[in-house]
Amino acid sequence: MPALPPVSDDLSLWLCADTNVTTEGDDGVVQWEDARELGGEATASGAQRPFLVEGVFGGFPVVEFAEDDQ
């Protein structure tokens, strides 16, 4: 599990770009599991999926959303 974020009390879902991200084909994110490992997840399908981009933020990956998908 990654280090806890600065605010960690009462989180419903914690999504980290460097862990538990499932991509398909063109690096489009299809599933993003809760980093707390408590069973939560986010899913996406179709052309509106965000993309996993490696090494962007201090060498770590980010999940990039298109401007019209936010």
- Item | Normalised alpha carbon radius of gyration of the range 20-63 [divisor 2.2 N^0.38 Å] | 1.18
- Sorted by mean Cβ packing within 10 Å, highest first, what order do the peptides 33-44, 13-24 take? 13-24, 33-44
- What's the local net charge at Val56, with K and R +1, D and E -1, over the other residues with C-beta under 14 Å away? -4
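Readers should treat all values here as calculations from the given coordinates under stated rules, not as data from a laboratory. Fair warning: this is a prediction, and the values are worked out from it, not measured in the lab. Virtual Cβ from ideal backbone geometry, glycine too; neighbours counted across all protein chains shown.
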